[in-house]
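Reviewing the structure listed below.
The values are calculated or read from the model by the stated rules, or taken from the named source; none is laboratory data. Bear in mind that the values here come from a model prediction, so they are computed numbers and not experimental data. Neighbour counts are summed over all protein chains in view; Cβ atoms, including those assigned to glycine, are modelled from backbone coordinates with ideal geometry.
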């Protein structure tokens with residue numbers, strides 16, 4: 001995808017970095033960026049719980065409530081620099097539905113590997129210059145009473161700050 005401006009550029013930039021991550025592709029169980037892109041949703045994923053169960057694992061990326069445009073002045077050239085925050089939600093089926101400790105550790109280990117890939121790629125070449133990644137919602141397993149309609153799954157919400 002092409003990066004075109006501060007809002008779309010952030011979203012698409014994170015998308016491109018994520019699908020390029022070998023850890024993310026392993027998390028999804030796919031071999032290439034094209035297949036990973038099909039499981040990486042931008043802006044929204046409004047589907048019934050049963051359909052979400054069929055789609056997992058997946059990620060959703062959208063702009064958070066922060067976008068800054070700052071004037072940089074210097075010599076003969078002035079420009080408006082941008083920075084902002086993105087929300088990245090990762091969701092996967094529970095690999096150990098009868099053991100929440102093992103399930104949580106397996107999901108967290110996948111997140112660790114994805115975060116390491118993003119950190120290693122941040123700001124290199126045309127990649128998004130990620131400044132920080134914060135966990136804004138704890139790593140959660142869905143409630144047991146929802147399993148009949150949605151299956152058993154883990155999810156985490158990350159706030160990705162970029163410049």
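The residue of segment 68-83 that is farthest from residue 150 (Cα to Cα), among those that are touching a residue at least 12 places away in the same chain (Cβ under 8 Å) and either touching a helix residue (DSSP H, G or I) at 6+ places or on another chain (Cβ under 9 Å) or surrounded by 11 or more Cβ atoms within 10 Å (Cβ to Cβ) (or both), is 81.
Please tell me if residue 103 is buried (at least 17 other Cβ atoms within 10 Å of the Cβ), more than 19 Å from residue 40 (Cα to Cα) and in contact with a helix residue (DSSP H, G or I) (Cβ under 8 Å, 6 or more places away or on another chain). Talk me through it step by step, then tell me what you get.
Numbers: buried (at least 17 other Cβ atoms within 10 Å of the Cβ): yes; more than 19 Å from residue 40 (Cα to Cα): yes; in contact with a helix residue (DSSP H, G or I) (Cβ under 8 Å, 6 or more places away or on another chain): no.
Judged against the criteria, residue 103 is not a match.
Looking across segment 51-67 at every residue that is surrounded by fewer than 12 Cβ atoms within 10 Å (Cβ to Cβ) and part of a strand (DSSP E or B), the one that is modelled with the highest pLDDT is identified as 65. Checked against the criterion of being farther than 30 Å from residue 5 by Cα and in contact (Cβ under 8 Å) with a residue 24 or more places away in the chain, segment 128-143 contains one or more residues that satisfy it.
Somewhere in segment 84-92, is a residue modelled with pLDDT of 90 or more, surrounded by fewer than 17 Cβ atoms within 10 Å (Cβ to Cβ) and out of contact with any helix residue (DSSP H, G or I) (no Cβ under 8 Å at 6 or more places or on another chain)? Scanning segment 84-92, I find no residue that is modelled with pLDDT of 90 or more, surrounded by fewer than 17 Cβ atoms within 10 Å (Cβ to Cβ) and out of contact with any helix residue (DSSP H, G or I) (no Cβ under 8 Å at 6 or more places or on another chain), so the answer is no. Report the residue count in segment 1-48 for those that are exposed (fewer than 13 other Cβ atoms within 10 Å of the Cβ), touching a residue at least 24 places away in the same chain (Cβ under 8 Å) and assigned to a helix (DSSP H, G or I). Within segment 1-48, residues that are exposed (fewer than 13 other Cβ atoms within 10 Å of the Cβ), touching a residue at least 24 places away in the same chain (Cβ under 8 Å) and assigned to a helix (DSSP H, G or I) number 1. Condition check for residue 105 on (1) under 19 Å from residue 150 (Cβ atoms); (2) over 17 Å from the mean Cα position of the chain (by Cα): one failure, at (1). Of all the numbered requirements in (1) more than 24 Å from residue 96 (Cα to Cα); (2) touching a residue at least 24 places away in the same chain (Cβ under 8 Å), residue 124 misses one, and that requirement is (2). A single member of 73, 148, 121 is in contact with a strand residue (DSSP E or B) (Cβ under 9 Å, 6 or more places away or on another chain) and over 18 Å from residue 21 (Cα atoms), and it is 73.
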